[in-house]
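K.L.:
A single structure is presented below for examination.
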Amino acid sequence: MGRRDVRGHYDGLAAKYDEHWVYGPGYVPWMSGRISEALRLSPNDRIADIGSGTGLFTREVAGHLNPIHPILCVDPSKAMLRELGSPPPPTLTPVVASAEDLADGRVRLPYKELDAIWLKESVHHVTDQASTLRGLAQLLSPGGRLLIVMLPSSIEYPLFQAALARFEELQPDPAVIEGHLSRAGLETRLDHVEHELRIDRERYLGMVRSRYMSLLSTFSDSEIEEGLEEMRAAHPEPVLVFPDRFAFVIGRRPGYET
């Protein structure tokens, strides 16, 4: 997909995005907790969630952290950011921008430096990953941390085979992303986390029909319907159980932490 298609995809999903991504009551707290732990967040940190969407995970982090400085919710989709509320809560500040906008200096942030940045499942939308991650690394304070949360190179989701194959064609390798951060001058580490998902089959089929993953927007309506029939045949069980694995690529700028 090109950038325009990606924005259109998320603009269309905005009103129901949280519904699609809340697999179960424990999922958002679990992921938000892993992000906070990986970045070692503190209330005094100046933080940005790049590709925040509706702020689904940012709100959870802010609720536990009680940040002194509002967390920046950065996203190119105004429709997604509108879901933060009008006005947004005082712990969150929306910023309409892409990762490339920040890396290239086209959009300025309210903080001179950032102590922590995360991108959750958005790095695959970045066209020039090496250049953009280098630019984001330059926004970090000494001791600042940058976290890329991404799916691995292959997944075990109960999707139709054409979708799984296309995912493997398009998904960046976490080791390559780690290399980009290392060459940007950051001290890096690659970790993995896993969470078991249990979701009603019909609900998951509805999520696929709604193209809850941007990958699915690369398929036509007829291809989606064919894929759903394939999924129904392959998974007759009423509740789908599958692992959700993530690579956590962490970079730290050398120097004293603030």
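K.L.:
Computed from these coordinates, which is Rg and Dmax of the Cα atoms in Å: [x] 41.9, 135; [y] 18.0, 56; [z] 21.5, 66?
P.N.:
Checking each listed value against the structure points to [y].
K.L.:
Hey, for a label at GLU113 modelled as a point 7 Å past Cα toward Cβ, could you say which residues of the stretch 189-211 have their backbone N under 13 Å away?
P.N.:
none
K.L.:
Fewest Cβ neighbours within 10 Å first, please rank PHE57, PHE248 accordingly.
P.N.:
Details: PHE57 26, PHE248 21.
Placing the least packed residue first, the sequence is PHE248, PHE57.
K.L.:
Also, I was wondering about something else. For the stretch 114-258, give the share of DSSP beta bridges that are antiparallel, in percent and rounded to the nearest 5; count only bridges with both residues there. Mind showing how you got there, number by number?
P.N.:
Numbers: 20 of 26 bridges.
Counting DSSP beta bridges with both partners in the stretch 114-258, the antiparallel share is about 75 percent.
K.L.:
Using helices alone, what [θ] at 222 nm do you get for the chain, with -39,500 (n - 2.57) per DSSP H run of 4 or more residues, divided over all residues and rounded to the nearest 500?
P.N.:
Numbers: 11 runs with 101 residues, N = 258.
After summing the helix terms and dividing by residue count, I get -11000 deg cm²/dmol.
K.L.:
Starting at the first residue of the stretch 83-96, write each ³J(HN,Hα) from the Karplus equation 6.51 cos²θ - 1.76 cosθ + 1.60 with θ = phi - 60°, in whole Hz, x for Gly and Pro.
P.N.:
Values per residue, Gly and Pro as x: 6, 5, x, 10, x, x, x, x, 7, 10, 10, x, 9, 7 Hz.
K.L.:
Restricting the count to DSSP beta bridges whose residues both fall in the chain, what percent are antiparallel, rounded to a multiple of 5?
P.N.:
Details: 20 of 37 bridges.
Around 55 percent of the beta bridges assigned by DSSP in the chain are antiparallel ones.
K.L.:
Please compute the contact order of the chain in relative form: average sequence separation of alpha-carbon pairs under 8 Å and at least six residues apart, divided by the residue count, as a percent.
P.N.:
Details: 464 pairs, mean separation 54.2, N = 258.
Relative contact order for the chain comes out at 21 percent.
K.L.:
Determine, for SER131, SER122, the number of other Cβ atoms within 10 Å of each Cβ, and report the residues in order from fewest to most. Show your work: numbers first, answer last.
P.N.:
Details: SER131 15, SER122 22.
Final ranking by Cβ density, sparse to dense: SER131, SER122.
K.L.:
Compute the Kirkwood hydrodynamic radius of the stretch 53-170, taking the inverse of the mean of 1/r over all pairs of distinct Cα atoms, and give it in Å to one decimal.
P.N.:
Over the stretch 53-170, the inverse of the mean reciprocal pair distance is 15.8 Å.
K.L.:
Then there's this: May I ask which residue of LEU146, ALA130, SER98 lies farthest towards the positive end of the charge dipole of the stretch 62-204, with charges of +1 (Lys, Arg) and -1 (Asp, Glu) on Cβ and the Cα centre as origin?
P.N.:
Farthest along the dipole direction, towards plus: SER98.
K.L.:
Based on the Cβ-Cβ distance of LEU170 and ASN66, what FRET efficiency does E = 1/(1 + (r/R0)^6) give at R0 = 30 Å, to the nearest 0.05?
P.N.:
Values: r = 38 Å, r/R0 = 1.27.
The value I calculate is 0.20.
K.L.:
Sticking to Cα atoms, compute the Rg of the stretch 119-216 to one decimal and its Dmax as the biggest Cα-Cα distance, whole number, in Å.
P.N.:
15.8, 48
K.L.:
If I take the Cα coordinates of the stretch 185-258 and project them onto the principal axes, what are the three extents in Å, biggest first?
P.N.:
54, 26, 19
Every read-out reported here was derived from the displayed coordinates using simple, explicitly stated rules and does not represent laboratory data. Because the structure is a prediction, the values reported are computed rather than measured. Glycine gets a Cβ as well: all are built from the backbone with ideal geometry, and neighbour counts include every protein chain shown.
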